[in-house]
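Encoded as structure tokens, the structure appears first; notes follow it.
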Amino acid sequence: MENRTKSFIYAAIIGLIIVAIFLGFLSSMANPISWILIAVLVMIPILYKKKSNPKQVEWREEYSVGIAHIDDDHKKLISLLNNFSIAYDYAMSESFEKEALNELISYTKYHFEREEKMMEDNDYPDVIAHKAQHKVMIGQVEKFVQLYNDKGHDALDEIASFLSDWLINHINGTDKQYSEHLHNKGIY
């Protein structure tokens with residue numbers, strides 16, 4: 001079920017509960033059903049929040065590569081990825097979806113260039129393989145952009161899943177491999 005439909009159903013349920021509370025209090029302020037419904041009403045946003053953000057990625061310290069500006073880039077990428085997922089989950093307007101996707105792609109390219117320059121400047125021995133991974137990822141993203149241009153909103157779920165998996169796996173795998181080399185060069 002689409003998130004917009006779920007949100008509408010939640011809103012309808014909340015509206016019905018409010019009407020039931022009001023009608024219950026018309027008969028008596030001591031009506032226990034009205035008070036139970038108030039407790040249910042308070043719980044609905046809590047339950048909704050727990051169920052509404054399953055695709056959100058949260059930064060964890062275990063993702064840290066131990067280099068402050070790279071960790072900051074990764075945090076920003078996760079934030080942009082979450083914005084993109086929200087655009088998809090809530091079927092925002094096409095312009096908002098495109099803006100979120102373009103901002104994510106643009107910052108990813110910026111981050112890759114910055115990371116690659118840092119590795120080159122510090123003679124990281126595996127820089128060529130690392131750059132190749134970046135190039136493959138950007139190529140895949142460009143294919144997804146074309147898919148989005150062809151299919152529209154329906155293509156976004158696949159894009160969001162790919163980007164989430166790729167980013168976390170890349171940070172925890174390839175990016176952590178250069179940490180020790182760069183730490184030995186005095187970069188933190």
Worksheet item: For the residue pair Asp72 and Glu103, what label-to-label distance in nm results when each label sits 7 Å from Cα along the Cα-to-beta-carbon direction?
Response: 1.9 nm
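Here are some pairs, Lys98/Lys176; Lys6/Lys151; Lys6/Lys143; which of them have Cα atoms lying more than 25 Å apart in this structure? List each step's numbers first, then the result.
On the way: Lys98/Lys176 31 Å; Lys6/Lys151 23 Å; Lys6/Lys143 31 Å.
Cα-Cα > 25 Å for Lys98/Lys176; Lys6/Lys143; rest within.
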Worksheet item: Which whole DSSP H helices in the chain pass both tests: a Cα extent of 18 Å or more along the axis and a mean Kyte-Doolittle value no lower than -1.0?
Response: 3-27, 32-52, 68-89, 127-151, 156-170
Worksheet item: If you work out Kirkwood radius over Cα pairs in Å from the coordinates, which of (1) 17.9; (2) 22.4; (3) 19.6 do you get?
Response: (3)
Worksheet item: Using alpha-carbon positions, what is the distance between the centroids of the range 66-140 and the range 143-187, in Å?
Response: 6 Å
Response to the item:
Taking protein heavy atoms only, a 1.4 Å probe, and rounding to whole percent, the accessible area of the chain owed to carbon and sulfur comes out at 59 percent
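Relative contact order for the chain: what percent, with Cα pairs under 8 Å and sequence separation of 6 or more? Before the final figure, lay out the partial values.
Numbers: 110 pairs, mean separation 46.0, N = 188.
Normalised by residue count, the contact order of the chain is 24 percent.
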Discussion item. How much accessible area per residue does the chain have, counting only protein heavy atoms and a probe of 1.4 Å, in square angstrom?
Written reply: 59 Å²
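The values are calculated or read from the model by the stated rules, or taken from the named source; none is laboratory data. It should be emphasised that the depicted structure is a prediction, and the values quoted were computed from it without experimental measurement. Note that each Cβ is placed from the backbone with ideal geometry, even for glycine, and that neighbours are counted across all protein chains shown. We work out accessible area using only protein heavy atoms, side chains counted, and drop any ligands, DNA or RNA first. Shrake-Rupley method; radii C 1.70, N 1.55, O 1.52, S 1.80 Å.
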